């Protein structure tokens, strides 16, 4: 086994284990940390595939911004009562088990159908002769030159959401209210 293959399988194992721990952890904070580790593992796999732009976007957008918003939403909930709300009743347990069974059946069916149908890839001379386009540059020009107003408005909206989440969690009756 080469070093590249070993690194890939190690990162894949870490990513899958941390992804499973997202849904298996009881504490939502540990679940959020596991989700962050999953996003970092996916970014590391992108680096091994020489997709540095995707790895950077994965880290900045998902492991950074989305995880910060996720933790701020967790601040709004009373976590002591959330565990009791999701673990009561036989009906909800049966629904959870049935959902897992249906999802597992769909995944097995999709993999089975994928293995039965052969994939034929033919290289056309038109595709091979097409000039390469610097898509990262085109994306950056489109985002930072043509649509800079929308980009800035989105940044301000995310800031307002963050400040609002902290203000709501600190208000009277919130989970982190001052006594």
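The values are calculated or read from the model by the stated rules, or taken from the named source; none is laboratory data. Model, not experiment: these values are computed from the prediction. So basically every Cβ, Gly included, is an ideal-geometry build from the backbone, and we count neighbours across all protein chains shown.
Points worth noting:
- Residue 45 vs. criteria at pLDDT 85 or above, farther than 30 Å from residue 166 by Cβ and in a helix (DSSP H, G or I): yes
- Odd one out for residue 147 among (1) within 25 Å of residue 68 (Cα to Cα); (2) at pLDDT below 80: (2)
- Whichever residue in segment 25-42 is at pLDDT below 85 and assigned to a loop (DSSP other than H, G, I, E, B) and, among such residues, is surrounded by the fewest Cβ atoms within 10 Å (Cβ to Cβ): 26
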